[in-house]
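As structure tokens, the structure follows; a few thoughts come after it.
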Amino acid sequence: MKYIWLIFLIPITTLILSALIKAFSTSQGQKLQNKFASLGHLKGKTFNEIRSIVGDPQSITDLGNGTILHQWIMPGFHIALLFDDKQICLGIDSQFKTNEL
């Protein structure tokens, strides 16, 4: 009976440590999203400007008519950008993020 308080302390400590680890860890998707956010407005930036900050896309698709779709895909975050034939960003085609980043 002397150490009964340990029964309550261990689960509470575990919950607190789990919350701290989650709060201070950043997922790959969140890191990628933060890199894109640091670029500000994407329209008008060159592919090389964007790539130098966020890295290479996971997918590149030629849509025809001089339009190219570049996609960056990580668990919890996905962004697809349209570029013209001169590799100038036309804007965001689609973007997805989850709250679990």
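Please treat every number below as a calculation from the coordinates, not as lab data. All of these numbers come straight from a predicted model, not from anything done at the bench. Glycine also receives a Cβ, built like all others from the backbone with ideal geometry; neighbour counts cover every protein chain displayed.
In percent, how large is the relative contact order of region 27-97, given Cα pairs closer than 8 Å and 6 or more residues apart?
Rounded, it is 30 percent for region 27-97.
With r defined as the distance between the Cβ atoms of residue 87 and residue 39 and R0 fixed at 22 Å, what FRET efficiency is calculated, to the nearest 0.05?
Efficiency, from the Cβ-Cβ distance: 0.90.
Positive end of the dipole of region 27-97, charges at C-beta (+1 Lys, Arg; -1 Asp, Glu), about the Cα centre: which of 69, 40, 94 has its Cα farthest in that direction?
Projecting each Cα onto the dipole axis, the largest value belongs to 40.
When a/c reaches 1.5 or more, the comparison of a/b and b/c decides; with that in mind, is region 36-78 rounded, prolate or oblate per its Cα gyration tensor? Don't skip to the end; give the middle numbers.
On the way: a/c = 1.97, a/b = 1.20, b/c = 1.64.
Oblate shape, in that a/c is at least 1.5 and b/c is the bigger or equal ratio.
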